[in-house]
Each structure stands twice: as structure tokens, then as C-alpha cells.
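The values are calculated or read from the model by the stated rules, or taken from the named source; none is laboratory data. Note that this is a predicted model, so its numbers are computed, not measured. Cβ placement follows ideal geometry from the backbone for every residue including glycine, while neighbour counts extend to all protein chains displayed. What goes into the accessible areas is simple: the full protein's heavy atoms, side chains included, and nothing from ligands, DNA or RNA. Shrake-Rupley method; radii C 1.70, N 1.55, O 1.52, S 1.80 Å.
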Amino acid sequence: MLIYQRRDIFFQALHPATTLAYLAVVVAGSVLLTHPLYLLALFLSVFAALAASGGMEDWRKSVRLFLTFMAVIMVLNTLINQTGSTVLFRGPLFAPLGRVVITLEAIIYALVMGIRLLTVFTAFMLFNQAVNPDRLLAMFALLFPRSALLVALATKTVPYLLQKMQSAAEIAQCRGVNFHTGSRLVRVRNRLPLIRVLFMSALEDSFNIGESIQARAYGSGPRTSYFRHRWRPGDFVVLIAALAALLLIVLSLLWGWGMFSYYPRLDQLIVSPQQAASLLGMGALLMIPALVAWGWSKWNFMRWKI
Amino acid sequence: MELYAVENLTYYYPDKDTPALCGIDLQIDEGEFILLAGPSGCGKSSLLRALAGLIPDYYGGAVGGTIRYRGRSLADWDRRSLAREVGLVFQDPEQQLLMTSVEQEIAFGLENLGIAPPEMRRRVAESLSLFNLTELKGRSTFTLSGGQKQKAVLAAVLAMHPRVLLLDEPTSQLDPVAAQELLNYVQRLNHEWGLTVILVEQRTDRCFPLADRIVMMEGGKTVYQGPPREMASLREERYVCFMPPVAQVFSRLGLKNVPLTVKEGRRFLQENRLNSAAGAAKEAAPAASASCSVPKATPLNPLLKLENMEFAYDGRNPCLKGINLSFYTGQITAILGENGAGKTTLLKTIVGLLKPQRGKIFLHGRDITGVQPEKLADSIGYLSQNPNDYLFHDTVREELAYGLKIGGRSDPERLAKMMRLLEIEHLSETHPRDGASGERQRIALGTVMVTEPLILLLDEPTRGLDPLMKLRLTGLLRTLQTEGKTIVVVTHDVEFAANVAERVVILYDGAVVADGDRKTVLAHSLYYAPQVNRLFRGLDGGVLTVEEASSKLQILQREVD
């Protein structure tokens with residue numbers, strides 16, 4: 001699931017730098033801005049882009065775990081944060097926490113935090129689907145040859161190690177090691193040898209891969225890159241939309257439109273027509289890549305022109 | 001034209017007291033096809049790495065003597081120009097693929113050499129076409145089969161347009177069909193492109209006749225160099241097992257012109273009128289050397305019984321279909337079949353790693369379907385394809401003792417006995433991963449056998465073993481058999497199966513298509529007939545092993561005389 005696969009989607013046809021720029025703007029916006037409507041717009045745009053790339057299936061599968069994690073954070077925030085002034089519920093005294101007080105502001109704040117995290121998560125999913133690691137390596141290898149190789153090896157290593165772990169665990173079971181019963185300590189202790197197997201195999205394997213790379217002249221001098229990207233109108237559309245959206249985000253930060261204070265009392269959502277315009281503008285700009293990706297998958301005409 | 005001139009090459013790996021290479025002298029001409037053979041650990045791989053400049057560049061250590069490549073000492077070549085000249089393919093394709101897609105993998109070396117993009121695109125396209133990989137170019141290397149992976153590795157090396165191709169046991173991880181395909185490519189590159197090929201290979205039956213020269217090594221030295229036919233006529237007992245089975249049969253006759261292939265062998269039989277005598281002999285003694293028990297006649301109850309077993313990984317499409325098999329005490333069974341026929345799946349289902357959707361498994365008449373593998377560990381020993389998964393202690397002794405420790409036991413006597421049996425006593429205080437592949441294999445087998453299971457399931461135990469070790473493994477399995485162990489071997493190696501097993505099962509597409517005495521199953525088989533069986537096809541179908549063929553040949557000669 002987390003392995004890149006070549007598929008017929010718009011974002012894979014783009015230059016990796018274009019997709020990266022777009023995703024960077026979305027992530028930067030969701031980290032810097034605090035206004036709930038801005039954050040909602042960011043989430044909707046990247047969610048639409050993922051949906052237009054046919055990534056909903058994977059998103060649904062992996063979002064469940066993420067949502068439970070998020071729910072825990074949200075509940076904790078609601079319970080612990082007591083700076084809000086609209087009290088909904090006043091509970092009993094708990095020794096370490098003091099009195100449990102649930103406020104409307106804390107609930108809203110937790111919800112918005114959740115959307116923010118979900119945006120980053122969705123952007124990551126899209127990144128995984130859209131950016132070819134080989135091309136990413138090629139791009140970065142021109143800038144930082146050594147670290148790029150390291151990154152490439154690392155991305156390949158995770159699924160590889162998982163496979164190895166699985167087979168080592170099977171062997172251990174066949175030798176009579178029990179992973180399922182006994183106290184927690186016993187179970188953890190039974191798993192320790194697997195780490196040793198993994199560690200030794202990984203060391204041997206990396207030595208061999210290193211040898212193969214050496215034999216194929218890696219690092220023997222300046223490198224060239226196989227990928228030639230034909231810049232297409234789609235690249236420019238996405239880049240311009242992302243940059244314009246970035247400009248609006250910066251402006252919203254400077255003028256304070258993108259900021260929102262939750263405590264002690266929730267701010268007014270929209271304070272000026274300029275703010276409304278910048279919000280709508282940013283949302284519309286960031287929605288463009290999703291729309292183009294959708295059109296790209298629907299009409300051949302658009303596929304050739306964009 | 002002389003390409004390589006190796007003079008008095010000696011090499012010590014770092015922190016080692018004995019040399020891996022010891023006074024090697026070797027000349028290699030452009031366009032030659034050289035087969036480097038010899039027992040494991042004889043220095044073949046080290047020599048190959050020295051020719052590629054990886055020794056001492058990548059490995060360190062101490063080197064004496066010189067290697068000259070095209071008249072210039074290897075030390076004077078810079079890494080980039082040497083990588084343009086010399087291509088290297090290693091054993092395990094998994095450990096050579098770096099990129100996610102096949103196309104990018106092929107481009108990787110070219111990028112490193114700084115080839116201009118237009119030239120690079122041409123070379124990638126040509127390389128993909130040459131190896132018939134165009135359809136796979138966008139595929140993730142994770143999803144390829146072993147044979148496809150190794151082909152991608154070869155294509156990636158060839159795209160760099162080397163003059164010399166060095167191959168270190170390139171087929172040892174592949175099934176016979178994929179191995180044959182890879183060697184066909186190597187042969188074509190040598191014949192049609194004039195590429196110099198230096199090949200290290202354990203299974204020599206396919207590549208022995210292809211070579212212009214065989215270089216035999218032992219203990220870091222070259223002990224013999226010469227054309228294959230000359231080597232086969234030497235009657236040197238030490239070298240015999242490194243030849244293909246047909247050559248082994250005829251080399252004992254002391255001929256000048258030893259047949260090396262089935263075709264040459266059959267012609268020899270015809271020319272010497274041995275074929276007509278064979279027909280008569282067949283009438284006279286239909287089963288001259290049959291000494292096998294037929295499983296169906298075995299009166300005992302089966303030790304292990306699979307009843308109508310079906311298994312599907314995805315829960316829908318079965319990859320084991322209605323398997324009915326019984327295994328009897330003291331019997332060695334070989335399971336043959338193509339890649340993906342379900343051989344490994346079958347073993348994993350028996351040990352309990354996979355739970356069959358349908359059917360039952362009985363051990364001693366007790367239903368063990370769905371029992372956790374750890375509960376079966378005392379009765380069923382399972383050796384997987386990768387012995388490394390068994391080795392993680394600091395010494396071989398601890399490694400073997402671990403098997404007993406899991407069950408809360410300790411029994412130094414049994415450990416000593418096991419190490420004696422497997423001939424690994426001298427390694428008992430060394431690190432289990434220090435050994436060569438044959439040693440690792442035996443140590444892993446020891447970890448499985450130390451609990452004295454009744455049944456041994458071995459998955460591809462001959463992978464990466466040299467012919468001598470294969471003979472020792474055969475002997476070991478026979479010894480275990482006399483001790484009453486039941487052994488099931490999954491293998492691609494037909495010759496090994498013919499030598500060791502009395503019963504052969506063939507799986508095809510998840511179902512048993514043949515099961516019976518080795519003679520009835522292997523003889524006359526189109527696909528699974530051993531080489532010597534094809535030699536005597538139409539004359540005596542019961543001949544399966546080199547020993548049987550040799551005695552058959554003697555009988556025939558006596559009759560003609």
C-alpha cells in the first residue's frame with residue numbers, strides 16, 4: 001500500500017517538483033494558519049486532489065488507525081484544556097487534573113486540530129501515490145548525491161525489512177518459539193532474537209548492495225539524470241496556482257485574516273469582506289489541481305492539452 | 001588479444017591469516033568464455049572480485065602480485081573507466097536492485113557514468129529490447145519473479161557496454177527454466193557480441209559445454225586450466241563431479257573425445273553399436289538395478305497424511321487443490337514442480353504456518369490441522385530456503401543449543417552427536433554466519449534436527465551448494481533415513497532428486513500430477529528426466545543416476561565385446 005506504483009494519474013504525469021511544491025503549500029498553510037475555515041479549505045482541496053487520483057481506497061484503509069489516534073488527542077485536549085469560557089459541563093474533582101471542565105472552545109479547538117492533522121496526513125498519502133521515488137532520487141541526486149542515495153536505500157529498506165521480519169518470525173515459530181502466550185515480558189523476550197536475525201541480515205545485505213553499487217560506478221564522478229521531463233501546461237497551472245495560493249496565505253498571515261483565537265472565547269469567523277475574498281481565493285486556487293486531475297482522468301481532450 | 005594477465009596474485013581478506021588467493025597465474029583473451037569451477041570457498045568469487053577491482057578497493061586486505069587489464073595495471077585504472085569495461089553480476093538479484101522500476105534500474109549505471117541523456121535513453125531502450133523486458137519496464141522491481149529480477153540486473157550491466165562480463169553464480173537463486181534463459185543470454189552475448197565471459201557456477205551441466213576453457217580452483221590456487229573436453233578425458237577423480245552427468249559417465253571410460261552433451265553421448269552409443277545391444281539387455285533384465293520400495297505397497301500406517309487439502313492465500317483462488325498424500329516412516333520423498341506450483345506452500349501448510357481452508361492433516365493418525373507451528377516443532381522439523389533466518393547466535397554451539405533451550409532442555413551429548421553427524425564439529429566455536437553457504441546450510445539443518453523431529457521438511461536444500469557438498473548432503477539424508485527419519489525434500493534439482501529420493505511427487509498448478517516410485521515418475525519424463533536418462537532414452541528408461549548409467553554402460557560394453 002505504501003509502495004509507489006505506476007498508475008495513470010495526473011499527478012504522476014507532473015514533474016515531481018511540481019507536485020512537491022503544491023503539497024508543500026498545503027502543508028505549510030495548515031501548519032501556519034489557525035483559522036478554522038482556512039484549514040477546512042486546505043483539507044478539502046487536498047482531499048479532492050487525492051480523490052481525483054483514485055486514492056480513496058488506500059485513504060479509507062489507513063485513515064481508521066489515524067482517526068483513533070486523533071480522537072485520543074482530541075479527547076485529552078478537551079479534558080485538560082480549561083481556558084475556554086463557555087462551560088458546557090462541570091465534572092467532579094480528579095486528583096491529578098483538578099476539576100474536569102469541558103468548554104465549547106476546547107471542543108472546537110480540538111476539532112480544528114484534528115482537521116489540521118488530517119490535512120497533513122492526506123497530503124502525505126497523495127505524496128506517496130504521486131511522487132515516483134526513483135525520480136525524486138534523480139532530482140535530489142543532482143543536488144546532494146550522497147544523502148539522496150541514503151534516502152533511496154531507506155525507502156526500499158522498510159518494506160524489505162518487513163518481509164524479512166515475517167519470514168524470520170515464521171522460522172522461529174517452527175523452531176518452537178511461542179509469540180502468543182505467556183506474560184508480556186516473555187512475549188517480548190521471545191521476539192528479541194528476531195531483531196538479531198534482522199540486524200545481521202540487514203548488515204550483510206547492505207554490504208552486498210554497496211558492492212553492487214560500487215561495481216556500477218556510483219559516486220565515480222559527476223552524474224547525469226535519465227529522466228527528462230517534458231514540462232507540460234499542467235505543470236504551470238499547478239505551480240502558478242500553488243504560488244498564488246502561497247501569496248494569499250502569506251498575506252492572510254500578515255493581515256491577520258488567517259489567524260483565529262479560540263480562547264477564552266471564540267472569535268468572530270468572518271470580520272471583513274477582504275478576509276472572505278482571500279479565503280475564497282485561496283480555496284479556489286488550491287482546488288484547481290484537483291479539478292484538473294479530475295478532468296484529466298475524464299476527458300482525453302484535457303489529457304492531451306494539459 | 002590478451003585482455004587480462006594475472007601474475008602471482010595473492011590476497012588476504014582483512015584480519016585473516018590464510019590467503020583467499022594464493023599465487024594465481026592466469027591469462028584471459030578477448031572473447032573467451034571461461035568457467036571458473038571448484039569447491040565452495042576455493043577462491044572463485046574472490047578471483048572474480050579481484051578481476052573487477054573490488055578486491056582490494058571495496059574489501060580492503062592485503063594484495064600481492066599484479067593484475068594487468070589491457071596492458072595496464074588494474075591499480076592504474078580509475079574506477080569510472082574500469083566500470084565501463086567490466087560488468088559484474090552477483091548471486092542474489094535481491095541484493096543488486098536498488099531502484100523501484102526496471103527502467104530506472106537499467107539507467108542507474110549509465111547515470112553514474114555520466115552518459116549524456118540522449119545516448120542513455122537509446123541504451124536503456126536497446127537493453128530492454130535485448131532482454132525482452134520492455135513490457136516490464138515500468139513495473140516495480142518488488143513484483144518481479146527471481147528470474148525477471150536477475151534478467152534486469154544483467155540488462156543493467158549490459159547497458160553500460162562492458163567488454164568483460166563477470167558472473168558470480170548468477171543462476172543459483174533461480175529455477176531451472178529461468179537459469180537456462182539467463183545462460184542462453186550469456187552464451188549469445190559471447191557468441192554474437194564477442195563479449196568476454198568469466199562465469200562462476202556450481203551447477204555445470206548447462207554451461208560446461210559452452211566454455212572455451214575451464215579453470216579449476218582449490219584452496220585459493222588454480223589447479224587445472226584447459227578446454228572442457230580435455231578436462232573430461234583426464235580421468236581425474238577430483239574433477240569428475242564438476243562435470244555434467246553425461247560427461248561423468250563417459251569420463252570413466254578413458255576416451256580421448258569424451259561426449260559432453262546428451263546429443264554427443266547418444267551419437268557415441270550409436271557409433272559403437274551399443275544401442276542395439278541395449279535393446280537386448282532391456283529384454284533380458286528389465287529392472288537391473290531397481291532397489292526401491294514402492295510406497296503404495298508399504299504395509300505400515302502413514303506417519304503423515306494429507307487428506308483432500310486445499311489452501312488459498314487470498315481465501316478465494318486455491319493454490320493447493322485437493323492434495324492427498326501420505327508419507328511413511330523412513331522414506332525420502334522429493335517434491336518437484338515449477339515455480340509457483342505450490343511446493344513451498346505445501347510445506348508451510350504441513351508445519352502449520354498456513355491453515356488450509358479445506359481438508360485435514362494427520363500425524364500418527366492424530367488430526368493436527370490448524371495446530372500452531374510451535375506445538376509441532378518437536379515432531380516436524382522445517383528448513384526454509386533461507387538458512388540465514390536460523391542463524392543469529394555468537395557460536396555454532398549456542399545456535400544448536402537454542403533449539404533445545406526453547407523446549408527448556410539442555411543436552412550436551414546430543415549437541416556433540418549432531419555436530420559430528422553434520423560434520424560441523426570444527427566450527428562449533430565460530431560464528432555461524434562466518435561459514436560458506438554449504439556450512440550455513442548444515443548448521444541450519446542442525447538447529448532443526450537437534451530436537452530430533454520424526455519428519456524433516458527441506459525446502460530447496462541444494463541451493464548454492466557445490467557438487468561435493470551436494471554429495472555430502474545426499475549421504476547425510478541417507479544416514480538420517482536409516483535412523484528412521486521421514487524426509488520430504490522440495491527441490492528444482494532433478495539430478496539431486498534422482499539420487500536421494502525413492503519416491504517422487506510432481507506438483508503442477510497446485511495439484512499432484514504424479515506420485516510414485518522415482519523410476520516410474522522421472523524416467524521418460526519430458527521435463528523432469530535427468531540428463532543420463534535422456535542419454536539412454538529408448539534403450540533403458542530405468543537409468544536415472546550417474547552410477548546407474550556407468551554400470552549400464554559397462555554391461556553394454558561387455559555384451560558388445
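Rg and Dmax, both from the Cα atoms of the range B:171-242 and both in Å, are 13.1, 36.
Relative to the longest principal axis of the Cα atoms of chain B, helix B:274-284 runs at roughly 10 degrees. Within 10 Å of the Cβ of each residue in B:385-395, the mean number of Cβ atoms contributed by other protein chains is 5. Residue-wise HN-Hα couplings along the range B:466-478, as the Karplus relation 6.51 cos²θ - 1.76 cosθ + 1.60 with θ = phi - 60° gives them from phi, are 7, x, 5, 5, 5, 4, 5, 5, 4, x, 4, 5, 4 Hz; Gly and Pro carry x.
Couplings 3J(HN,Hα) of the range B:308-314, computed from phi: 6, 7, 9, 9, 9, 5, 8 Hz, in residue order, whole Hz [Karplus 6.51 cos²θ - 1.76 cosθ + 1.60, θ = phi - 60°; x for Gly and Pro]. At q = 0.13, 0.18, 0.24 Å⁻¹ the log10 of I(q)/I(0) for the range B:59-108 amounts to -0.50, -0.81, -1.02, computed by Debye summation with a single uniform scatterer per C-alpha, solvent ignored. Only beta bridges with both residues in the protein assembly as shown are counted; by DSSP, about 55 percent of them are antiparallel. Annotation: amide H-H contacts under 5 Å for B:SER101 (H modelled 1.01 Å from N, sequence separation of 5 or more, or interchain): B:THR141. When the listed pairs B:LYS149/B:LYS375; A:LYS164/B:LYS149; B:LYS44/B:LYS149; B:LYS348/B:LYS485; A:LYS164/B:LYS485 are checked against a 28 Å cut-off, the alpha-carbon distance exceeds it for B:LYS149/B:LYS375; A:LYS164/B:LYS485. Can you tell me, using C-alpha contacts under 8 Å and at least 6 residues apart, the relative contact order of chain A as a whole percent? Computed over chain A, the figure is 32 percent.
Mind checking which of B:PHE131, B:GLY475, B:ALA511 is farthest towards the positive end of chain B's charge dipole, using Cβ charges of +1 (Lys, Arg) and -1 (Asp, Glu) about the Cα centre? Value: B:ALA511.
Send over the per residue convex hull volume for the range A:51-193, Cα only, as a whole number of Å³. Kindly include the intermediate steps, with their values, before the conclusion.
On the way: hull volume 33.0 nm³, N = 143.
Convex hull volume per residue, Cα atoms: 231 Å³.
B:ILE555 sits with roughly 60 Å² accessible to a 1.4 Å probe, with DNA, RNA and ligands left out of the calculation. Measuring between their Cα centroids, the range B:439-468 and the range B:177-220 lie 28 Å from each other. With every protein chain in place and a 1.4 angstrom probe, the accessible-area ranking of A:LYS164, A:LYS61, largest first, reads A:LYS61, A:LYS164. Can you pull the mean other chain C-beta count within 10 Å for peptide A:176-183? If you average over the peptide's residues, the count of other-chain Cβ atoms is 4. Bridges between two residues of chain B, per DSSP, are antiparallel at a rate of about 55%.
Our coupling estimate for the range A:292-305, obtained by passing each phi through the Karplus curve with A = 6.51, B = -1.76, C = 1.60 and θ = phi - 60°, is 5, 4, 5, x, 4, 7, 9, 10, 4, 3, 5, 4, 7, 7 Hz, Gly and Pro reported as x.
The 1.4 Å probe gives accessible areas that order A:PHE227, A:PHE43, largest first, as A:PHE227, A:PHE43.
Solvent exposure of B:ASP509, expressed as accessible area, is near 90 Å², computed with a probe of 1.4 Å over the protein chains only. Principal-axis analysis of the Cα atoms of chain B puts helix B:146-158 at an angle of about 10° to the longest axis.
Between amide H atoms placed 1.01 Å from N, distances below 5 Å from B:THR329 occur with B:LEU303, all of them 5 or more places distant or on a separate chain. The heavy atoms of B:GLU218 present about 50 square angstrom of accessible area, all protein chains included, probe 1.4 Å. Of the residues B:LYS221, B:LYS305, the one with the largest accessible area comes first in the ranking B:LYS221, B:LYS305, computed with a 1.4 Å probe on protein heavy atoms.
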